[in-house]
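For reference, the structure discussed in these notes is given below.
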Amino acid sequence: MAEVNVIKVSKQYGESRALDDVSIRFAEGGLYGLLGPSGSGKTTLLRMIAGFVFPDSGQIRIDDQPVERLPVERREIGMVFQNYALFPNMNVADNVAFGLSVRHVDKSEIKRRVGEVLDLVQLGSLHARRINQLSGGQRQRVALARAIVTRPRVLLLDEPLSALDKSLRVDMQVELRRIQRDVAITTVFVTHDQEEALTLSDRVGILRDGRLIQEGTARELYDQPASEFAATFLGDANILNGRLETGGMRINDGSLVRFGSRYAISNQTKCAIRPEKIALRRATGEAAPSTHNWLTAQVAHHVFGGVNTTYMLDWCGQRLKVHVQNSGDDLIPVGSQVTLSWSPDSTILIH
Ligand code: ADP
Ligand code: MG
């Protein structure tokens, strides 16, 4: 177990800036998700912590020791790559034992530790199977077992579940969480799947164009994204342009949107409202409750989705989206005038 501290690292590949002044701290024993679109620098950051890539500038510290010039084998890091990189003709136990054999660990000790981690990933009964006789989910477990058998100080996982189909992926997310809790190794995993980042991580960092744009708990990032990119990359959001005034933000239809008291006002120019935070009803001409923000719009179309119905609404030349929980009521017909209302606490001020 160890704390990893990434301090102002940058990395340039020709014209492309893979990492741009990134600082992030991974606390001891935590499970961290790195999220971002393709090409945002996720793999580069992981490979830099592992020692496959050296930073142009900045520092990487593990337990306060600078490691950015240490070779891979001296950093005590376990890594699982996207394609697992297992030896297809070797059996499960030999694959897992590999890292211990090259370190000349005693044969009986190897046997004991391999048995232990195979039990941990629930593959004990398959120890003699060849890799090419395993399913995708089983291979993923072998790769994980191989990475943790050497008892690394840090575990790095690069899109570990992306090769699995949806239902298996969800099962493996639960498994990964359990195993990580059991071994309590500081773990950083990369994903481009927002749901995976939210369900799996203690904390999440969002990368964009090589920059860390926000970091926090999953809840913080969802409830208080700081930018339009964060708000729309992690979840869905309605973005309203506006201008700050005393008492709220003046939006396009001339009304004043109020927000909760937690905000430090700076130069925010937009607000975001999550589609599930908005209440929708047919416009009756009566005033909406004065404690809420509200605006009127017209139903453009709706999509029945089982648990929720999604309404797309026309408002001031833009589309808004509202999720309404399915309570068995009739849908509001296309073309109807509707009132949207939400609590000031659900207004997110963003840049
Ligand atoms: P991600 O994992 O988020 O998809 P990467 O870290 O792989 O992103 O890549 C970040 C940027 O750096 C991309 O623009 C990519 O093309 C570039 N890059 C990464 N590795 C190399 C390399 N070895 N040589 C040249 N460019 C690279
Ligand atoms: Mg990558």
Please specify each residue of region 13-29 satisfying the condition of being of a type outside the set (Asp, Glu) and either crowded, with 18+ Cβ neighbours inside 10 Å or within 15 Å of ligand 1 (Cβ to nearest atom) (or both).
TYR13, GLY14, SER16, ARG17, ALA18, LEU19, VAL22, ILE24, PHE26
Single match in ILE60, ILE49 (criterion: among the β-branched types (Val, Ile, Thr), within 16 Å of ligand 2 (Cβ to nearest atom) and at pLDDT 95 or above)
ILE49
Pair list, Cβ < 9 Å and 6+ apart or interchain, from region 154-173 residues that are in contact (Cβ under 8 Å) with a residue 40 or more places away in the chain to residues that are hydroxyl-bearing (Ser, Thr, Tyr) and away from ligand 2 (no atom under 16 Å from the Cβ)
VAL154/THR186; VAL154/THR187; LEU155/THR186; LEU155/THR187; LEU156/THR187; LEU157/THR187
Qualifying position, being in contact (Cβ under 8 Å) with a residue 12 or more places away in the chain, surrounded by 13 or more Cβ atoms within 10 Å (Cβ to Cβ) and part of a loop (DSSP other than H, G, I, E, B), among LEU331, LEU313:
LEU331
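Looking only at region 187-200, count how many residues are away from ligand 1 (no atom under 15 Å from the Cβ) and either open to solvent by 10 Å² or more (accessible area, probe 1.4 Å) or more than 16 Å from the chain's Cα centre (by Cα) (or both).
3
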Is it true that ARG169 is among the basic types (Lys, Arg) and either away from ligand 1 (no atom under 16 Å from the Cβ) or at positive phi (or both)?
yes
If ASP56 satisfies all but one of (1) farther than 24 Å from ILE179 by Cβ; (2) away from ligand 1 (no atom under 12 Å from the Cβ); (3) within 15 Å of the chain's Cα centre (by Cα); (4) not aliphatic (A, V, I, L, M), what's the number of the condition it fails?
(3)
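Is it the case that some residue within region 311-320 is touching a Gly at 6+ places or on another chain (Cβ under 8 Å) and charged (D, E, K, R)?
Taking every residue of region 311-320 in turn, none turns out to be touching a Gly at 6+ places or on another chain (Cβ under 8 Å) and charged (D, E, K, R).
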Region 173-200: number of residues that are out of contact with any Pro (no Cβ under 8 Å at 6 or more places or on another chain) and away from ligand 2 (no atom under 16 Å from the Cβ):
17
Quick check on region 30-51. Is at least one of its residues within 14 Å of ligand 1 (Cβ to nearest atom), in a loop (DSSP other than H, G, I, E, B), in contact with a helix residue (DSSP H, G or I) (Cβ under 8 Å, 6 or more places away or on another chain) and touching a residue at least 60 places away in the same chain (Cβ under 8 Å)?
yes
Among the residues of region 201-248, write down those that are within 16 Å of ligand 2 (Cβ to nearest atom) and in a loop (DSSP other than H, G, I, E, B).
ASP209, GLY210
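Matching residues to (1) part of a loop (DSSP other than H, G, I, E, B); (2) touching a strand residue (DSSP E or B) at 6+ places or on another chain (Cβ under 8 Å); (3) without any contact (Cβ under 8 Å) to a residue 40 or more places away in the chain; (4) not small (Gly, Ala, Ser):
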| residue | (1), (2), (3), (4) |
| --- | --- |
| SER261 | yes, no, yes, no |
| GLU276 | no, yes, no, yes |
| GLY285 | yes, no, yes, no |
| THR291 | yes, no, no, yes |
| VAL299 | no, yes, yes, yes |
| HIS302 | no, yes, yes, yes |
Answer from PHE98, PHE54, PHE87 - the residue that is away from ligand 2 (no atom under 16 Å from the Cβ), open to solvent by 30 Å² or more (accessible area, probe 1.4 Å), assigned to a helix (DSSP H, G or I) and not acidic (Asp, Glu):
PHE98
Which numbered condition trips up GLU68, out of (1) out of contact with any Phe, Trp or Tyr (no Cβ under 7 Å at 6 or more places or on another chain); (2) open to solvent by 10 Å² or more (accessible area, probe 1.4 Å); (3) away from ligand 1 (no atom under 15 Å from the Cβ)?
(1)
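Which residue, of ARG203, ARG243, ARG219, is basic (Lys, Arg), more than 25 Å from SER162 (Cβ to Cβ) and either in contact with a strand residue (DSSP E or B) (Cβ under 6 Å, 6 or more places away or on another chain) or free of Cβ contacts under 8 Å to residues at least 60 places away in the same chain (or both)?
Of the residues listed, the single one that is basic (Lys, Arg), more than 25 Å from SER162 (Cβ to Cβ) and either in contact with a strand residue (DSSP E or B) (Cβ under 6 Å, 6 or more places away or on another chain) or free of Cβ contacts under 8 Å to residues at least 60 places away in the same chain (or both) is ARG243.
The values are calculated or read from the model by the stated rules, or taken from the named source; none is laboratory data. Quick caveat, the model's predicted, so the values are computed rather than measured. Positions of Cβ are backbone-derived with ideal geometry, glycine not excepted, and every protein chain shown enters the neighbour counts. Ligands, DNA and RNA are stripped out before the accessible areas are found, and what is left, the full protein with its side chains, is counted by its heavy atoms. Shrake-Rupley method; radii C 1.70, N 1.55, O 1.52, S 1.80 Å.
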